[in-house]
Amino acid sequence: MTQLEKIRQEFPALGEQVYGKPLVYLDNAATSQRPLSVVRKWEEVTLKYNANLHRAVHRLADLATQEYEATRDAVRDYLNAESRQEIVFTSGATAAINLVAFSFGEAFVREGDEIVVSEAEHHSNIVPWQMLCERKGARLKVLPVDDGGRLCLEALPGLLTPRTKLVCVAHISNVLGLVNPVKEVVKICHSAGCPVLVDGAQGIVHERVDVRDLVCDFYVFSGHKVYAAPGTGVLYGRRALLEQMPPYMGGGEMIGTVRWTGTTYAPLPQKFEAGTQNIAGTPTLRPALEMAQALRDPAVEAEQRAIKEFMLNKLSGIPGLRLYGIPASPEEKIPLFSFSVEQAHHEDLALILDKLGVAVRSGQMCAEPLMDRFGVTGMLRVSFAPYNTLQEAEYFIQSLERAIKMLRG
């Protein structure tokens with residue numbers, strides 16, 4: 001049994017059937033399947049350590065707190081953050097971005113200031129900044145992408161002015177599957193005195209993330225895309241910035257003292273973790289990140305490269321198929337492919353593929369401005385996780401060709 005086969009056995013959903021056919025799950029960019037280690041951790045904390053965090057002195061509360069805080073240390077290590085105070089737990093990447101949009105905005109953004117986002121962003125990395133700009137009277141500027149989907153990096157310096165307060169960019173586009181040159185973005189922005197937020201929802205799955213190497217100021221990701229329980233997420237923030245940002249929400253545990261005359265706030269990271277946290281969910285980030293590390297096995301990575309090469313070759317040979325996100329080199333692309341097919345609506349293709357046991361995503365992928373950029377109303381997206389196989393890719397291509405033939409008559 002190969003290492004990949006052993007790993008796949010840890011994901012029960014991968015052995016399921018739909019409509020009497022083996023499930024081929026290729027909607028991993030939306031959410032990943034969960035391994036037994038994650039499910040067992042959730043059950044362990046739920047059944048054995050179900051008590052509120054940080055507050056009580058009894059044994060159960062102490063064990064729950066230990067599980068939660070040990071997870072913070074594990075995430076700090078995984079991201080190579082400088083300190084555990086820079087790791088804030090949230091309900092996901094969306095919540096983390098909204099936290100920064102509010103708190104960073106309150107601390108640093110004034111009327112007439114500017115925020116820059118890329119044209120290829122998920123709505124979660126667009127709408128919070130629009131809301132901030134509307135609230136503060138600031139201006140949102142857009143870094144375009146070229147016809148291949150790559151960032152027009154040469155345009156970035158011209159977008160930056162003394163009023164630019166933050167640049168926000170995805171580590172990897174959830175539509176295009178392209179790995180953005182984040183280090184170069186950070187270098188350009190920092191040379192202009194501007195901090196950078198990186199949306200790592202896809203990056204945490206497919207890249208080795210070292211926030212000190214990236215030198216980014218904020219990095220966010222969701223647990224459910226990297227094998228953890230839903231409703232979990234992480235905000236990494238550079239401590240010097242977090243210290244200056246006011247809390248996003250008020251409530252229990254984020255306070256120092258509360259008086260009618262005023263309130264003081266807890267130190268980092270509790271300042272940003274108001275209320276009862278995800279007692280059982282957050283600890284699943286530990287086994288999830290352990291699984292992410294296990295999936296960096298050389299044989300597994302070789303399978304991923306084979307899938308990528310196979311898919312690029314096969315998709316380019318299907319008449320009338322237009323692929324979005326064309327890499328200049330293979331290293332720029334993860335095994336995620338969004339495309340449209342002439343005379344075959346993306347929703348119809350997805351429905352037929354579903355009946356054949358293949359789960360894919362169709363629609364706008366929460367990136368409507370990017371759809372407008374390419375002049376389409378939607379796309380079909382096929383996103384592989386490190387636990388997918390070349391055989392599944394081959395079955396997908398067979399099924400896609402069958403679906404196209406059915407729709408074209």
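Just so it is clear, none of the values below were taken in a lab; they were calculated from the coordinates. Computed from a predicted structure; not experimentally measured. With ideal geometry, Cβ positions are generated from the backbone for all residues, glycine too; neighbour counts draw on all protein chains shown.
The table for this structure:
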| item | result |
| --- | --- |
| Charge tally in the Cβ shell below 11 Å around Ile126, where Lys, Arg are +1 and Asp, Glu are -1, Ile126 excluded | -4 |
| Most mobile listed residue (Lys314, Lys271, Lys187) in the chain, GNM with C-alpha springs under 10 Å | Lys314 |
| Where GluC sites (Glu not before Pro) fall in DSSP loop in segment 300-365, at most 14 other Cβ within 10 Å | Glu342 |
| Cα gyration tensor shape for segment 145-255, rounded if a/c is under 1.5, else prolate or oblate | oblate |
| Amide hydrogen neighbours beyond the local backbone of Leu143, cut-off 5 Å, H modeled | Val117, Ser118, Glu119 |
| Environment charge at Ala294 (Cβ cut-off 10 Å; Lys +1, Arg +1, Asp -1, Glu -1) | -1 |
| Cα-based shape type of segment 134-208, given that a ≥ b ≥ c are square roots of the gyration tensor eigenvalues and the cut on a/c is 1.5 | prolate |
| Choice from Phe218, Phe374, Phe337 with maximal GNM fluctuation in the chain (Cα, 10 Å cutoff) | Phe374 |
| Given (1) 0.93; (2) 1.38; (3) 1.02, the label whose value is Cα Rg over 2.2 N^0.38 Å derived from this model | (3) |
| Listed peptides 378-391, 348-361 by packing density, highest first (mean Cβ within 10 Å) | 378-391, 348-361 |
| Most to least packed among 13-19, 128-134, 100-106 [average Cβ atoms within 10 Å] | 100-106, 128-134, 13-19 |
| Anisotropy class of segment 260-404 from Cα gyration tensor, a/c 1.5 cut | prolate |
| Of all DSSP beta bridges in segment 98-228, antiparallel share, percent nearest 5 | 10 |
| Value of [θ]222 nm, deg cm²/dmol, for the chain, DSSP H segments ≥ 4, -39500 (n - 2.57) each, nearest 500 | -11500 deg cm²/dmol |
| Share, in percent, of DSSP beta bridges within the chain that are antiparallel, nearest 5 | 60 |
| Fluctuation leader among Gly92, Gly158, Gly193 - the chain, Gaussian network, Cα springs under 10 angstrom | Gly158 |
| Span from the segment 317-345 Cα centroid across to the segment 217-289 one, whole angstrom | 38 |
| Inter-part distance where segment 77-137 and segment 175-191 are each reduced to a Cα centre, Å | 16 |
| Environment charge of Arg239, counting only residues whose C-beta is closer than 11 Å and scoring Lys/Arg +1, Asp/Glu -1 | -2 |
